[in-house]
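See structure below.
Bear in mind these aren't lab numbers, they're just calculated from the coordinates by the rules spelled out. Keep in mind it's a predicted model, so treat the numbers as computed, not measured. Here the Cβ is made from the backbone with ideal geometry for all residues, glycine too, and neighbour counts use every protein chain on show.
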Amino acid sequence: ASEDAQRAGLSAILPQLFVRVDGVDHLVVLKTVPGGGQTVAHALDREPATDIIGTIAGDDTILMICRSEQARERVVKRLAQLARGG
């Protein structure tokens with residue numbers, strides 16, 4: 001991804017790169033278009049949110065570890081909302 005995309009906030013890049021999000025227990029898996037994983041994970045890591053302890057990113061998949069099941073529910077809801085452009 002370009003440097004501009006690397007610096008862009010989550011709300012700016014997620015609508016273009018998002019494929020789907022799902023979660024279980026304390027874990028969230030976000031799928032992106034090919035090549036989007038690192039860019040989205042970088043934006044996630046720069047977010048001030050305390051619900052996510054950390055991220056692990058591949059080419060098109062990001063694993064997020066959340067603090068609790070309630071945190072996971074908030075994260076999934078917010079990511080789905082941002083992906084819709086909201």
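Rounded to the nearest 500 deg cm²/dmol, what is the calculated helix-only ellipticity per residue at 222 nm for the chain, with -39500 (n - 2.57) per DSSP H run of length n ≥ 4? The partial results should precede the final answer.
Details: 4 runs with 38 residues, N = 86.
So the calculated ellipticity at 222 nm is -12500 deg cm²/dmol.
Quick check: residue separation of Glu69 and Lys31 times 0.36 nm, minus the Cα distance between them. What number comes out in nm? Can you show the working numbers first?
Values: separation 38, 0.36 × 38 = 13.68 nm, distance 1.96 nm.
Separation in residues times 0.36 nm, less the Cα-Cα distance, equals 11.7 nm.
Can you tell me, using C-alpha contacts under 8 Å and at least 6 residues apart, the relative contact order of segment 38-85 as a whole percent? Spell out each step's value before the answer.
Working: 41 pairs, mean separation 14.1, N = 48.
RCO, segment 38-85: 29 percent.
Enumerate the amide H contacts of Thr61 below 5 Å, restricted to partners 5 or more residues apart or on another chain; note that Pro and chain-start residues carry no placed amide H.
When sequence neighbours closer than 5 places are left aside, the close amide H contacts are Thr32, Gly37.
Let's test the formula: R0 of 22 Å, r as the Cβ-Cβ distance of Ala80 and Ser11. What FRET efficiency results, to the nearest 0.05? Before the final figure, lay out the partial values.
Values: r = 13 Å, r/R0 = 0.58.
For R0 = 22 Å, the calculated efficiency reads 0.95.
Let me know the Rg and Dmax you get for the chain when you use only its Cα atoms, in Å.
Calculated on Cα positions, Rg and Dmax stand at 11.5, 34 Å.
Which value in nm describes the separation of the simple spin-label points at Arg46 and Val24, placed 7 Å from the Cα toward the beta carbon?
Roughly 3.3 nm, to one decimal.
Out of the trypsin sites (Lys or Arg not before Pro) in the chain, which ones are loop residues according to DSSP with at most 11 other C-beta atoms within 10 Å? List each step's numbers first, then the result.
Values: sites: Arg7, Arg20, Lys31, Arg46, Arg67, Arg72, Arg74, Lys77, Arg78, Arg84; in loops: Arg67, Arg84.
Hits after loop and neighbour filter: Arg84.
Sequence gap at least 6, Cα distance under 8 Å: using those rules, report the relative contact order of the chain to the nearest whole percent. Walk me through the numbers on the way to the answer.
On the way: 152 pairs, mean separation 28.9, N = 86.
Relative contact order comes out at 34 percent.
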